[in-house]
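For reference, the structure discussed in these notes is given below.
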Amino acid sequence: MSTAILGLAAPAAGAASPAPPMADAGKTDAGKEAREAARFWTAERMANARPLDEIRSAQSAPGRPAAAAAAARPTGKQYGGTRLVGTFFGSGGPRGTAWHCTGSVIATTSKNIVLTAAHCGLNMTGDFIFVPKFVKGAGPDQQPYGIFHIQHIFTDPRYVPDRGSSTTKKPWSDLDTAFARVSANQHGKKLQDAVGGGLTFTRPSGYKHDVTVVGYPSHAHNSAGRAIKCTVPTKQLPGYRQMSMTCGGYYGGVSGSPWITDYKDGATSGHVIGNLGGYNGGGNDANVDYISYAPAFGADAANLLSWAVANQEPPSDLPPYKGIEAKLPGGAGRWRQARLMASGDYTGDRRSDLIVVRSNGETTLYPGDGKGGFRPEKRLRPANATWTHARAVTGGDFAGGDRSDLLVRWSDGEVTLYPDVSASGLGREVRMAKPGSVWKSAVQISAGRFHGGTRSTGLLVRWVDGELTLYTGVGAGTFGTEKRLLAPNATWKKATLLTSGTFSGSATGDVLVRWADGALDVYAGTSAAGLGARSRLRGPNALWKNDLVMTAGDYTANRTGDDLIVRWSDGETTLYADTGRRALGKESTLVYPGT
């Protein structure tokens, strides 16, 4: 669930204490600063101003994608703009007057805060103004809401650009957010009072959202001086706490643009989850104009906003920023080799741990820390030929010990059980079925609490012909009692993946199925009496067709086996914490793609 900050928010736990409040200029005459600025900022000067954020302008140079690719991507549309978004003008640029970046009105108790990018704020070294819903050709008094003089820019002191630049590609590009305090306009009105509202600063859950990005491209690509908007899906920039989006037309001038999740033309409110900026100033290295980035707001941006509202400089002794770190080691290249995964309590601490079998036969244990992360890995088997023949695995409580057991179906139809697996090794092997047995046709196996108890002693099997079978009372050397849940059928032949957990909160086990078309279903309360009630998590879609391996267990603090781990086709590995029968849980990246 997103976290919204409506007014002054207390700095996050562990943050350093801010400096004392600074003097608040302009209290005696609310509109004086803006009136003085208006004497300089004529309509002609505004029209002739040029952008300072050259990074994005350079992306439109030769080397852009082929025409076919460009035609396939969305392109931002020019329009009249919104009262909640505007642009900046300054007189201190290297070429004189500057049309500089985009800003948006943030709803706070102080009513005078503008969001933009830190690399924009670092360039605002002279006198600058903010103009909501800028109209080219109009003087200050003809602008719809007037002009607002910039009193102070607040940036995180850990945002350090590369030498000779205002941007960076380092981990602290995640901090490319700034907040500006502005004076009242020339008519004496505070910013929020003048425009009639503001955007709510919101910390997003995960990186996949649908956003509308509103900005003011540079004069060279926007002679009309109009705003541009584009509504697109986002995804994570691998290895960074940043989102990316694809849309053409976002040239120089759009840095700082808000990423709004519920945008409507004419609205006086909405939720903003990031600002255009971040890696390389918000643009990629491919010299193309259609990929943009935005830091996803977190505790650092929330603290910065709090200090801006309180008119206090951020402390200079903040802990070093390290960026986000993968929770599972090895990178996407190694995790693309993860063919099989099994959850279970293999360390005896009553938390789920993860066993991974790779395509080269390497078998590794990742002990869970109970907080959605993992302790150092333990290699159970080095790369070897034998384990390349493992075709299905699941973790259950079949042997009655204190730790979970690992059940393996091999390519020749043999099935073996490894009771009480530990960080020390797999231990002894118990044969459950001989080579050449009918189990060669068992496509998927999953242990679960299908009898209503507290331990995973049932075994669900999906056979090659679509038959679904449940075995209860499974033990070392026996499959217990067999119960057919479904006769052979065409529908369940399309069950590409399945895993078991407690997604409905009931005492009985639930089954989560990923179908061939990408759809996801949960069957709650599966038992020997039947498959359980179906509820849909996702309809058919292209994204989840890329889910190649998945398992469920108890990896987070709620002590419930409702945490879903997914290994995607590109090696990215994701945890969906606290998944329910009708909604996937909070998304957390365990392994980043492309690393």
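The values are calculated or read from the model by the stated rules, or taken from the named source; none is laboratory data. Since we're looking at a predicted model, the values are computed, not measured. As a convention, Cβ positions derive from the backbone with ideal geometry for all residues, glycine included, and neighbour counts pool all protein chains shown. Calculation scope for accessible area: heavy atoms of the full protein, side chains included, ligands and nucleic acids excluded. Shrake-Rupley method; radii C 1.70, N 1.55, O 1.52, S 1.80 Å.
Couplings 3J(HN,Hα) for the stretch 364-374, derived from phi with the Karplus relation 6.51 cos²θ - 1.76 cosθ + 1.60 (θ = phi - 60°), are 10, 10, 10, x, x, 9, x, 10, x, x, 9 Hz, where x marks Gly and Pro.
Taking amide H positions as modeled 1.01 Å from N, with prolines and chain starts lacking one, the residues under 5 Å from A107 and 5 or more places away or on another chain are L199, T200, F201. The angle between the Cα long axis of helix 299-309 and the main principal axis of the chain comes to about 30°, on a 0 to 90 degree scale. A straight line joining the Cα centroids of the stretch 261-287 and the stretch 134-208 runs 12 Å. Averaged per residue, the stretch 538-588 has 38 square angstrom of accessible surface, using a 1.4 angstrom probe with ligands and nucleic acids left out. Based on C-alpha pairs under 8 angstrom that are at least 6 apart in sequence, the stretch 411-501 has a relative contact order of 21 percent. Electrostatic tally near L406: other residues with Cβ closer than 12 Å to its Cβ, Lys and Arg +1, Asp and Glu -1, net -2.
Using Cα pairs closer than 8 Å and at least 6 residues apart in sequence, work out the relative contact order for the stretch 217-267, in percent.
Across the stretch 217-267, relative contact order equals 36 percent.
Summary value for the chain: 12 percent relative contact order, contacts being C-alpha pairs under 8 angstrom separated by 6+ residues. Residue by residue, the stretch 569-579 carries 3J(HN,Hα) couplings of 5, 8, x, 4, 10, 10, 10, 10, 6, 6, 6 Hz when phi is fed to the Karplus relation 6.51 cos²θ - 1.76 cosθ + 1.60 (θ = phi - 60°); x denotes Gly or Pro. When percent of Cα pairs over 31 Å apart is calculated directly from the model, which label among [x] 49; [y] 71; [z] 55 fits? Calculated percent of Cα pairs over 31 Å apart: the matching label is [z]. Considering only protein heavy atoms and a probe of 1.4 Å, how much of the accessible area of the stretch 300-436 is carbon and sulfur, as a whole percent? Carbon and sulfur: 44 percent of the exposed surface of the stretch 300-436. Scanning residues 5 or more positions from G188 or on other chains, those with amide H under 5 Å from its amide H are G31, with H placed 1.01 Å from N in the peptide plane.
The longest stretch of the chain left intact once loop-based GluC sites (Glu not before Pro) with at most 13 other Cβ atoms within 10 Å are removed from consideration, loops following DSSP, is 1-324. Secondary-structure-derived ellipticity at 222 nm for the chain, considering helices only, amounts to -2000 deg cm²/dmol, per-run term -39500 (n - 2.57) for DSSP H runs with n ≥ 4.
Karplus-derived 3J(HN,Hα) values for the stretch 485-502, using 6.51 cos²θ - 1.76 cosθ + 1.60 with θ = phi - 60°, are 8, 9, 6, x, 7, 6, 4, 6, 5, 8, 6, 6, 9, 8, 8, 10, x, 10 Hz; glycine and proline are entered as x.
For the stretch 264-360, trypsin sites (Lys or Arg not before Pro) are listed when DSSP marks them as loop and at most 12 other Cβ atoms sit within 10 Å of their Cβ; the list is K264, K322, R350.
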